[in-house]
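Structure first, then comments.
The values are calculated or read from the model by the stated rules, or taken from the named source; none is laboratory data. As the structure is a computational prediction, the values presented were derived from the model and not from experiment. Note that each Cβ is placed from the backbone with ideal geometry, even for glycine, and that neighbours are counted across all protein chains shown. Heads up: the accessible areas ignore ligands, DNA and RNA and are worked out on the full protein's heavy atoms, side chains in. Shrake-Rupley method; radii C 1.70, N 1.55, O 1.52, S 1.80 Å.
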Amino acid sequence: MHKRAEKPTADLVAASPLRPHFAVAQGIAALFTPFVEVAVHDLASDSVACVVNPFSPRKVGDPSDLKGSRFADDVDVLGPYEKVNFDGRLIKSISIVLRDAALRPIGLMCINADVTEFDAVRRMLHGFLGAADSTDDAIALFKEDWHERINRFIAAWTAEQATTIARLDRAGRRALIEALFVNGGFEGKRAPEYVAAILGISRATIYGELARLRTGA
């Protein structure tokens, strides 16, 4: 049985009903580069329709993991809320509900700002001036997002090991893959490919390590 070929990225972009919003995403990302990433999610296919200035390996066609999300008629903006990138950097995000002519939700535009350096300045000023922190409740929009869970796990694991992804050797990568496997980090449909992209290794290497772990070799 032949495997059905994936639709080319250019075809996915051209066919998307959300294409009119892509220019807005590109404009926002261009204005705030290199600090801002903008992603447009297609709710019908539950996939990424457009991503500009990406911070992570996520690309067009990847799953959005937004199935089951519901948006009230009077809600067009969600957030701001906090996320953590795969490398541990702090991301402040806001999501805009995109609607069709009948005002039905068809997409989500997520604007993600890397505020790591700004947060470091805030904490420095807090320590110097004794200013009070202000906190907002994070919206559980991406509660099923395995990308976020992987990002948080890798950030915590590398911090615990006092290292970074860039400094991991072969043994270190194997240890991280095993830790992810033990903690259910590969349950997402495309989690192996996502982790491979983060670690800068081939998908075959990841699948080989997973086969070894599953057989206990």
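A count restricted to region 158-191 and to residues that are open to solvent by 40 Å² or more (accessible area, probe 1.4 Å), farther than 18 Å from S202 by Cα and part of a loop (DSSP other than H, G, I, E, B) stands at 5. Close contacts from region 158-182, counting a first residue that is β-branched (V, I, T) and a second that is open to solvent by 80 Å² or more (accessible area, probe 1.4 Å) and in a helix (DSSP H, G or I), with Cβ to Cβ under 9 Å and a gap of 6+ residues or different chains, come to T158/R167.
Which members of region 64-83 meet the condition of being outside any loop (DSSP other than H, G, I, E, B), in contact with an Asp or Glu (Cβ under 7 Å, 6 or more places away or on another chain) and open to solvent by less than 20 Å² (accessible area, probe 1.4 Å)?
Answer for region 64-83, where residues must be outside any loop (DSSP other than H, G, I, E, B), in contact with an Asp or Glu (Cβ under 7 Å, 6 or more places away or on another chain) and open to solvent by less than 20 Å² (accessible area, probe 1.4 Å): there is none.
Scoring L103 on the criteria (1) touching a residue at least 24 places away in the same chain (Cβ under 8 Å); (2) of a type outside the set (F, W, Y); (3) open to solvent by less than 70 Å² (accessible area, probe 1.4 Å) leaves a single failure, condition (3).
Every test in (1) of a type in the set (A, V, I, L, M); (2) crowded, with 18+ Cβ neighbours inside 10 Å; (3) under 24 Å from T116 (Cβ atoms) is passed by V97 save one, and that test is (3). Among the residues of region 32-51, the ones that are open to solvent by 30 Å² or more (accessible area, probe 1.4 Å) and more than 19 Å from Y194 (Cβ to Cβ) come to 6 in all.
Residues in region 44-91 that are more than 26 Å from G200 (Cα to Cα) and among the aliphatic types (A, V, I, L, M): A44, L66, A72, V75, V77, L78.
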